[in-house]
Amino acid sequence: MSTLSISDIYNQTFFTLVDQAHQVHKANFGTDIELCKLISVKTGGCPEDCGYCSQSNKYETEIKFNALLPIEEVERQAILAKEYGVKRICMGAAYKSPNSSALAKACEYIKVVKKHGLETCATLGSLSLDQAQQLKEAGLDYYNHNIDTSPEYYPQVVTTRTFQDRIDTLDHVGQAGMKVCCGGIIGMGESVDDRISFIRALTQLPYTPDSIPINTQVKIEGTPLANTEKLDKLELVRTIATVRILFPKTRVRLSAGRSELSELEQSMCFMAGANSIFYGEQLLTTPNNDQHEDLLLLKKLGINTHVSVA
Ligand code: SF4
């Protein structure tokens with residue numbers, strides 16, 4: 001790892017930072033991009049108050065509530081995604097914490113997806129150690145629980161669960177033997193120092209994440225953070241590059257907000273170390289990039305997806 005401080009790394013001249021990140025990336029990964037498919041297995045009605053989220057029941061948004069999906073529907077979507085070359089299915093449900101019947105259903109989803117030889121990830125809210133162990137026993141490979149932002153800026157974003165609550169869940173995930181997927185969202189009005197502090201917090205998690213999603217805030221009408229200032233895209237590249245340098249062996253996922261990036265902006269993010277994307281035209285509730293355009297872009301860049309482009 002670099003001997004520079006995180007702030008020194010982040011604030012280097014842009015090309016020095018990107019060059020360093022690219023060298024780290026090349027030394028640890030090939031030119032492939034991991035394709036993941038996100039399925040919202042239960043949408044809306046969440047009691048948490050995350051200020052960016054359309055699924056919170058505290059805000060009036062256009063999201064329609066959807067109860068847990070039938071197993072057959074999850075299996076159908078997983079089979080389709082596999083045909084498109086997806087390797088991992090991420091299942092998201094809007095909960096503070098899953099109750100016992102939701103957890104049992106999640107275990108069924110995991111088993112049916114694993115049956116098709118796919119990796120599984122779930123994001124269901126806070127977990128006790130016992131809940132994490134049940135998911136592990138069902139075969140869950142990854143659990144996603146984001147810290148969202150810096151510990152300092154966090155109270156501006158969420159008040160219904162603490163930063164420490166999130167760390168506790170991540171600790172339970174690691175203790176249960178699952179891989180940790182943990183990242184956050186930038187462009188929520190935080191400062192550069194907050195972004196650096198967010199990255200520092202990632203380095204201090206109880207278990208090193210195997211997957212770090214970096215999202216940019218998608219502004220949702222009706223949420224408290226709908227009117228935050230537009231993020232300078234170079235800040236996104238700086239964040240990805242700094243994460244890549246500090247986590248040389250972790251998949252860094254260019255996640256929500258990617259549909260608002262041009263081909264060149266996405267390419268810059270890949271050069272800076274992003275090597276995972278959500279594939280498919282819908283994220284949990286926000287739009288994602290057109291699949292065909294994605295494959296064409298990756299083909300133009302010479303990135304291996306193991307998917308044939310028509
Ligand atoms: S981000 Fe997750 S926990 Fe927060 S309100 Fe949305 S669904 Fe609920």
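Here are a few things to note about the model shown:
- Virtual spin-label span in nm between LYS111 and GLU229, 7 Å along Cα→Cβ: 5.3
- Centre-to-centre separation between the Cα atoms of region 57-119 and those of region 151-198: 23 Å.
- Cys residues of the chain counted as unpaired, since no other Cys beta-carbon is under 4.7 Å: CYS36, CYS46, CYS107, CYS181, CYS182, CYS269
- GNM flexibility winner over the chain from ARG161, ARG251, ARG88 (Cα, springs under 10 Å): ARG161
- Difference of contour (0.36 nm per residue) and Cα-Cα distance, LEU301 to VAL192: 36.2 nm
- Environment charge at TYR10 (Cβ cut-off 14 Å; Lys +1, Arg +1, Asp -1, Glu -1): -2
- Isotropically averaged projected area of region 6-299, using the convex hull of Cα atoms (one quarter of hull area), nm²: 13.6
- Which listed pairs, of LYS64/LYS179; LYS26/LYS299; LYS96/LYS230; LYS42/LYS233; LYS37/LYS111; LYS37/LYS58, have C-alpha distances above 20 Å, in listed order: LYS64/LYS179; LYS96/LYS230; LYS42/LYS233; LYS37/LYS58
- A simple count of charges around ASP141, restricted to other residues whose Cβ falls under 12 Å of its Cβ and scoring Lys, Arg +1 and Asp, Glu -1, yields +3.
- At R0 = 45 Å, FRET efficiency that the Cβ-Cβ distance of SER128 and ARG200 yields, to 0.05: 0.95
Laboratory data are not the source of any read-out in this text; all were calculated from the coordinates shown. If you're wondering where the values come from, they're calculated on a predicted model, not measured in any experiment. Here Cβ is always computed from backbone atoms with ideal geometry, including for glycine, and neighbour counts include all displayed protein chains.
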